[in-house]
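Here the structure comes first, spelled out in structure tokens, and everything after it is commentary.
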Ligand SMILES: C[S@@+](CC[C@H](N)C(=O)[O-])C[C@H]1O[C@@H](n2cnc3c(N)ncnc32)[C@H](O)[C@@H]1O
């Protein structure tokens, strides 16, 4: 029998029906939110009404979560197509600024710390987007003495922010699978003559494996004269453990990884019997080990009515899953501080922004630790989390 997941509810569907297309009732949307009927929803006027930034992320994550390949493939294709039709790149929310501020803070620290060391400094953005992102901002109101209106603003994405770092990185690699965003990145690169920027249209994992197996990255570990920062900013469970292994093997690329804690949590069904093969394969791929079965699940002691051994249930909550993945990362990278929690508009800890330092140099690690302490005061659990954005 074909397996289907019920999609995680997107808050905007249920919070305000005024956002829905005319004639579309909340209930009918709810009914429609099953894999076989989500396609028209993504393609038609409804989608244009609902193309709020986080919907795109939600749809992509949902597409990746659908258990059955039969449903998943066309859905992923459709989501990708619709996303590329949207000329502008809309994603995230205020939490996106936290993510980008944290990475930018580290890039500034890194570029000035290594300025005089004679290295060629690289910035590699494997899920680079378009370079910018559009957000809606409400302005006006009583305090401003003007009618309330929604204005669209264009903010710098990770690639544009990295290009603005001073002292500058020497080499930039921007990888993006979507053709239109790749074209936007090329336009952005053309606006920076004199900078060494490579824009690659392709899959992040395949491209990284190719890149890291060619000079300078395959010339020693670490390669003489080259150091860098790498940013992995996927929407969903897109980065397999093998990619992290290749990065760690360079001993030269400090990595920021937006780990999709929410999507991973949805694969880890409470009852182990509900973790079907598609989910288990996705978890093996992202964790790089089958050990999650014993680390995150526990066998129930009670025997069932027929005396058979009990079932297994998940013993780790979402923070436990995060802690376990943290330990996994520590087996690959010499220094991995606790991640920055990324809490989205669902109020959930949907992503964990991990920093994983590839360098084994004790002085570099000690400097990075002090940078991370400062970032944790700004963005860690319980911090005020003031961002640079609107
Ligand atoms: C969250 S966005 C990145 C945003 C970007 N870091 C920024 O700040 O502007 C994720 C991007 O990854 C791209 N993407 C998704 N899967 C990919 C893959 N397998 N390889 C390369 N790019 C991918 C999407 O098209 C999207 O532009």
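Listed here are the strands (runs of 3 or more DSSP E) enclosed by the stretch 311-381 that have at least 3 residues being surrounded by 21 or more Cβ atoms within 10 Å (Cβ to Cβ) and touching a strand residue (DSSP E or B) at 6+ places or on another chain (Cβ under 7 Å): 340-343, 349-356. Kindly check whether there is at least one residue in the stretch 145-163 that is loosely packed, with under 13 Cβ neighbours inside 10 Å, free of Cβ contacts under 8 Å to residues at least 24 places away in the same chain and not in a strand (DSSP E or B). Yes, the stretch 145-163 contains at least one residue that is loosely packed, with under 13 Cβ neighbours inside 10 Å, free of Cβ contacts under 8 Å to residues at least 24 places away in the same chain and not in a strand (DSSP E or B). Of the residues making up the stretch 161-180, none is at pLDDT below 95, assigned by TED's automatic domain parsing to the domain that holds residue 207, farther than 17 Å from residue 126 by Cβ and more than 10 Å from the ligand (Cβ to nearest atom). Can you tell me which residues in the stretch 253-278 are part of a loop (DSSP other than H, G, I, E, B), under 17 Å from residue 315 (Cα atoms) and touching a strand residue (DSSP E or B) at 6+ places or on another chain (Cβ under 8 Å)? Within the stretch 253-278, 268, 269, 270 meet the criteria.
The conditions of being exposed (fewer than 13 other Cβ atoms within 10 Å of the Cβ), outside any loop (DSSP other than H, G, I, E, B) and out of contact with any helix residue (DSSP H, G or I) (no Cβ under 7 Å at 6 or more places or on another chain) are met by residue 281. Kindly indicate whether any position in the stretch 118-138 is part of a helix (DSSP H, G or I), away from the ligand (no atom under 11 Å from the Cβ), in the same structural domain as residue 186 (by TED's automatic domain parsing) and closer than 15 Å to residue 233 by Cβ. Scanning the stretch 118-138 turns up no residue that is part of a helix (DSSP H, G or I), away from the ligand (no atom under 11 Å from the Cβ), in the same structural domain as residue 186 (by TED's automatic domain parsing) and closer than 15 Å to residue 233 by Cβ. Working only within the stretch 213-244, note down all residues that are outside any loop (DSSP other than H, G, I, E, B), touching a residue at least 40 places away in the same chain (Cβ under 8 Å) and either out of contact with any strand residue (DSSP E or B) (no Cβ under 8 Å at 6 or more places or on another chain) or loosely packed, with under 13 Cβ neighbours inside 10 Å (or both). 241, 242 - these are the residues of the stretch 213-244 that are outside any loop (DSSP other than H, G, I, E, B), touching a residue at least 40 places away in the same chain (Cβ under 8 Å) and either out of contact with any strand residue (DSSP E or B) (no Cβ under 8 Å at 6 or more places or on another chain) or loosely packed, with under 13 Cβ neighbours inside 10 Å (or both). Examine the stretch 188-202 for a residue that is in contact (Cβ under 8 Å) with a residue 40 or more places away in the chain, in the same structural domain as residue 105 (by TED's automatic domain parsing) and in a loop (DSSP other than H, G, I, E, B), and state whether such a residue exists. Within the stretch 188-202, not a single residue is in contact (Cβ under 8 Å) with a residue 40 or more places away in the chain, in the same structural domain as residue 105 (by TED's automatic domain parsing) and in a loop (DSSP other than H, G, I, E, B). Given the condition surrounded by fewer than 20 Cβ atoms within 10 Å (Cβ to Cβ), under 21 Å from the mean Cα position of the chain (by Cα), within 30 Å of residue 318 (Cα to Cα) and more than 16 Å from the ligand (Cβ to nearest atom), answer yes or no: does some residue in the stretch 189-210 qualify? No, every residue in the stretch 189-210 fails to be surrounded by fewer than 20 Cβ atoms within 10 Å (Cβ to Cβ), under 21 Å from the mean Cα position of the chain (by Cα), within 30 Å of residue 318 (Cα to Cα) and more than 16 Å from the ligand (Cβ to nearest atom). Has the stretch 333-348 got at least one residue that is outside the structural domain of residue 121 (by TED's automatic domain parsing) and free of Cβ contacts under 8 Å to residues at least 12 places away in the same chain? Scanning the stretch 333-348, I find no residue that is outside the structural domain of residue 121 (by TED's automatic domain parsing) and free of Cβ contacts under 8 Å to residues at least 12 places away in the same chain, so the answer is no.
The values are calculated or read from the model by the stated rules, or taken from the named source; none is laboratory data. Everything quoted here is computed from the prediction, not taken from an experiment. All Cβ positions, even for glycine, are placed from backbone atoms using ideal geometry, and neighbour counts span all protein chains on display.
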